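The values are calculated or read from the model by the stated rules, or taken from the named source; none is laboratory data. Small disclaimer: the values here were computed from a predicted structure and weren't measured. Here the Cβ positions follow ideal geometry from the backbone for every residue, glycine too, while neighbour counts run over all protein chains shown. Accessible surface is based on the protein model in full, side chains and every heavy atom, while ligands, DNA and RNA are left aside. Shrake-Rupley method; radii C 1.70, N 1.55, O 1.52, S 1.80 Å.
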Protein chains: 2
Amino acid sequence: MDPGRIEELIRIYRDGLLDDTIPFWVRHGVDRQHGGFLTFLDRDGTVFGTDKPVWLQGRFVWVFSRLYNEVERRQEWLDLARHGSDFLLANCFDADGRMFFLVTRDGTPLRKRRYLFSECFAAMGLAEFARASGDDEIRRRAIEVYDLMLHYHKTPGLLPPKDIPGVRPMKAHAMPMILIVTSQIMRQVDDRPIYRQTIDESIYQILEHFSKPELGALLESVGPNGEFIDTPEGRRITPGHGLESAWFIMEEGRYRGDRELSLRALPMLEWSLERGWDQEHGGLLYFVDVKGLPCVQYEWDMKLWWPHTEALYATLLAYHLTQDETWAAWYERVHDYAFGHFPDAEYGEWYGYLHRDGTVSHRLKGNCWKGLFHLPRAQLMCWKLLEEMRPAGWA
Amino acid sequence: MDPGRIEELIRIYRDGLLDDTIPFWVRHGVDRQHGGFLTFLDRDGTVFGTDKPVWLQGRFVWVFSRLYNEVERRQEWLDLARHGSDFLLANCFDADGRMFFLVTRDGTPLRKRRYLFSECFAAMGLAEFARASGDDEIRRRAIEVYDLMLHYHKTPGLLPPKDIPGVRPMKAHAMPMILIVTSQIMRQVDDRPIYRQTIDESIYQILEHFSKPELGALLESVGPNGEFIDTPEGRRITPGHGLESAWFIMEEGRYRGDRELSLRALPMLEWSLERGWDQEHGGLLYFVDVKGLPCVQYEWDMKLWWPHTEALYATLLAYHLTQDETWAAWYERVHDYAFGHFPDAEYGEWYGYLHRDGTVSHRLKGNCWKGLFHLPRAQLMCWKLLEEMRPAGWA
C-alpha cells in the first residue's frame, strides 16, 4: 500500500468519523428530554420509533468515551458518554442485576431477553467511560455488570434455556467472541486476572471448538466440546462474526507482543472472506451454509453494513501484521464494495441493509441493532492503524 | 370472467394440486422410517434438515384429510393423514397438554414456544382427519386440543409473556384470524356453540379493533381495546394476514347465508391489496408501515408465496360474491405475478421466497413454515370455487 493511499484512507476514515457519522448521531440521536439515545432513525435522521434498545445505549457510551480517550479530550464527547451512562444506570437494570433488552423512551422496561449482550455492551461502555472520566463509581459498576454477566454465562441453568434442555446441547460462537473484546476493554480499568483468563478460554474455544480446518470454516454453533452438528443451525457460518473474532484475536496478540497468537487468527479471516464473499454480486453474505445447502433465515443473502466494517479493519490489520499483499487486495475489494454501496450521499451516514444485488432494502439509519457502533469503531480503528502504517519518517 | 378462462383456471389449479404439489410432498416429505413429515426440502426435494416443525405436521394432516373429504376417497390420502396424525399424537404434546414447536426426526421434543399456533394447526388437522376417518378418538383429541388452546388464549397470565407485563399491552391480529378458520374446521365434527361464539368474537375483534377505516388499514397489533399504538410494531400491516381474515369472514358469511357479513370483509381485502401491492416491482410486500415509515424487519419487502396464494382465493371469492370486475382485475394481477414468479419449472412446486425484485432468494421448497398448506389449500379452494362459478348448465 503506497504512502499516498495510506494518507487518502486516513482522510476517508477520519473525516467520515468526525464530519459525518458522529455529527449525524449527535444531531438526531441524543434524547435531550428523557436522556439516553434514540436509535430508530429514518434516512434523514427523523425519529420513527422512540423505544431505546439497551445494547445500543451501552455501545454509544463506549463510542463517545473511546473518542474522548483516543482522539481528543473533547468535553462534548465526555458529556455525551455521561448522558448515556446516566440513562443506562438509571433505567436499564432489572432487580436481579441483569439488564433489559428494550425500554421505553422514558426508561420503563419493555423487554428482557435470555442473552447476555446487553450486559456485555454495558460493561464495555461503562469501563471505557470510567477510563475517560476517572469516575470510580462508574468503574465499580462496570466490574459489577461484567462479573454478573460472567457468572450467568458460566453457571449452567441460570439463564432460561431457549430449547428443551439436554436434547441437542449447543453453544454459540458469539459468546466467546464478545467476551474477548469485552475483557480487553475491561482490563483498561481493572487489573484482575479474570480478563486474561476469560480471553484465554475464549480464544481456546474459538480455535479448538468453533474453527474447523477440515471444513475450512468457523462455525457459529457447535456441541459442548466442539462437535459438528449437521443441521441447518449447526452448518451455519456467520462471516461477520468470524471477521470480528479474527481481529479481536489479532489485537490480543499485538497487546501481548505474541505474534504467533495474532497469526493464528488468519485462517478464520480467510475462511470468513472466502466463504462469505458473494461471487455474483460482491459484498459479504450474512449467513452461509458450510455444505452449500440452503440457509433458512430470511436475511441470509442480504448485505449488512457491519460485516463490511469488520472486514475493513480485519483485513487492514492482517495486512499490517503480515505485509502479505493478499490481505491488501482483500482490503481494497471490501473497501470498494462498502464505500460503493453503503454511504448515503444525500443525508450522510451509511445504509445498514442492502439486497443481495446491492440495492438498498431499508432506508433507515438506525433500529434495535444499528446505531453508533460498528461504523465509527471501524472508522476510528482503521484511521489509527493507518497512522501506524505510515512509512517511518512520513508525515 | 368468461367461461373459457374459468375452465383454464380450473385446469391450472386442479392439475397443479394433483400432479405437482401433492406428488412433490408425497415423494419427498413423508418420513417412512420415523413417521410424520420432513419439511426442510431443497429445491429438488433433497432433505437438508430432519427436525420436524409441529405446525406443519398438523397442516399436512389437514391437507391430506381435506383432499380425502373434498376431492375423492383415495386411500393413500387417508393413510397419509393417519401417518401424520399418529406422529402428532405420539410425539408433539407436552405433559401439560400444550404442544411443542419443533421435535427431532424421531420425535424427541426440541423447542416449545409461547404461541398457540401448534395447537391451532393440530386441532385443524385432527378435526379434518376425524371427519375423513370417522374415528371418534381422533375427534375427541381434536376437541381436547382446541379447548386447551382456547383456555390458554383466554386466561390472562397462563402463557409466559414476551414483554414486561402491563407496560404496553398489545394483542395480535393473527390470533382472532386463526381462531376463525380453526373453529370453522372444528364445527364440521362437533356441534357445541363454542365455535360460533369464538367466530363471532373473533370477527368482532377484527372488524372493531384491528380494522382502522380512518387509516385505511387492518393493523397487526393494537391495544386491548383496539387502541392504535404509534410504534413500528403498532404501525405494522401484514397484508397476507389481512387477506386471510378477509376470506375467512367471507366464507363465514357464505356458511351462514349472511351476505352482509361476507361484504364486511371487502374493505380489509381492498386495504391489504392497495397497501401491500408493490407499485415498483409488482407482488405483495410482506410488511408495510401504515404511515409509510421504515419497517424494521429484514424481510419486509420480500415476496413470500403465501400472501399470494391467500390473495388468489380472497380476490376470486370477492369477485364471485359481488361480480364486481375490480376483484376480477385484482385476481388476474395477482395470478400473473404469482404464476410468473413462484413456480419452479424444473423441479416442480413453488419457491417460497423472492427478493423484492422478484428474483429467487431461497431455493428451498420447505422449512419450518413452508410445507404442504398455503399452496395446496389455495389450489383446492380456487378449483372448487371456480366450479361453482361455471355458468349454469356449463360443463
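Some observations on this one:
- When residues of the stretch A:45-95 are limited to those that are basic (Lys, Arg) and open to solvent by less than 40 Å² (accessible area, probe 1.4 Å), the one nearest to the other protein chains (Cβ to nearest Cβ): A:Lys52
- Screening B:Gly348, B:Gly371 for residues that are out of contact with any His (no Cβ under 9 Å at 6 or more places or on another chain) and farther than 23 Å from B:Val181 by Cα leaves exactly one candidate, B:Gly348.
- Screening the stretch A:265-299 for residues that are β-branched (Val, Ile, Thr) and in a loop (DSSP other than H, G, I, E, B) and picking the one that is nearest to A:Phe228 (Cα to Cα) gives A:Val290.
- Any hit, the stretch B:281-296, residues being farther than 21 Å from A:Gly49 by Cβ and surrounded by fewer than 21 Cβ atoms within 10 Å (Cβ to Cβ): yes
- Residues that are within 30 Å of A:Gly283 (Cα to Cα), touching a strand residue (DSSP E or B) at 6+ places or on another chain (Cβ under 6 Å) and in a loop (DSSP other than H, G, I, E, B) do not occur anywhere in the stretch A:211-218.
- Of the residues making up the stretch B:337-378, those that are within 21 Å of the chain's Cα centre (by Cα) and part of a helix (DSSP H, G or I) are B:Tyr337, B:Ala338, B:Phe339, B:His341, B:His374, B:Leu375, B:Pro376, B:Arg377, B:Ala378.
- Only one of A:Lys384, A:Lys365 that is buried (at least 18 other Cβ atoms within 10 Å of the Cβ) and modelled with pLDDT of 95 or more: A:Lys365
- The sole residue among A:Arg98, A:Arg114 that is buried (at least 19 other Cβ atoms within 10 Å of the Cβ) and among the charged types (D, E, K, R) is A:Arg98.
- Candidate set: the stretch B:29-82, residues that are among the hydrophobic types (A, V, I, L, M, F, W, C) and out of contact with any helix residue (DSSP H, G or I) (no Cβ under 9 Å at 6 or more places or on another chain); chosen: the one farthest from B:Gly371 (Cα to Cα): B:Phe48
- Looking across the stretch B:347-366, the residues that are among the hydroxyl-bearing types (Ser, Thr, Tyr) and under 14 Å from B:His308 (Cα atoms) come down to B:Tyr351, B:Tyr353.
- For the stretch A:365-395, a residue qualifies if it is of a type outside the set (D, E, K, R) and either on the phi > 0 side of the Ramachandran plot or within 14 Å of chain B (Cβ to nearest Cβ) (or both), and the qualifying residues are A:Gly366, A:Asn367, A:Cys368, A:Trp369, A:Gly371, A:Gly393, A:Ala395.
- When the stretch B:298-332 is limited to residues that are touching a residue at least 12 places away in the same chain (Cβ under 8 Å) and surrounded by fewer than 21 Cβ atoms within 10 Å (Cβ to Cβ), the one that is nearest to B:Met389 (Cα to Cα) turns out to be B:His320.
- Just so you know, in the stretch A:333-359 the residues that are surrounded by 15 or more Cβ atoms within 10 Å (Cβ to Cβ) and hydrophobic (A, V, I, L, M, F, W, C) include one that is farthest from the other protein chains (Cβ to nearest Cβ), and it is A:Val334.
- Check on B:Leu159, of a type outside the set (D, E, K, R), surrounded by 14 or more Cβ atoms within 10 Å (Cβ to Cβ) and at pLDDT 95 or above: no
- Inclusion of A:Glu280 among residues that are farther than 23 Å from A:Ile237 by Cα and either among the polar types (S, T, N, Q) or more than 22 Å from the chain's Cα centre (by Cα) (or both) is not warranted.
- Test: residue in the stretch B:187-204 that is among the hydroxyl-bearing types (Ser, Thr, Tyr) and over 19 Å from the mean Cα position of the chain (by Cα): yes
- Among residues of the stretch A:259-276, those that are under 30 Å from B:Thr359 (Cα atoms), in contact (Cβ under 8 Å) with a residue 40 or more places away in the chain and open to solvent by less than 30 Å² (accessible area, probe 1.4 Å), counted: 2
Results for (1) free of Cβ contacts under 8 Å to residues at least 12 places away in the same chain; (2) more than 27 Å from B:Arg66 (Cβ to Cβ), shown as yes or no for each residue.
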{"residue": "B:Ala172", "(1), (2)": "no, no"}
{"residue": "B:Thr198", "(1), (2)": "no, no"}
{"residue": "B:Ser221", "(1), (2)": "no, yes"}
{"residue": "B:Phe228", "(1), (2)": "no, yes"}
{"residue": "B:Leu243", "(1), (2)": "no, no"}
{"residue": "B:Gly257", "(1), (2)": "yes, no"}
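- Considering each residue of the stretch A:299-310 in turn, at least one proves to be within 11 Å of chain B (Cβ to nearest Cβ) and touching a Pro at 6+ places or on another chain (Cβ under 9 Å).
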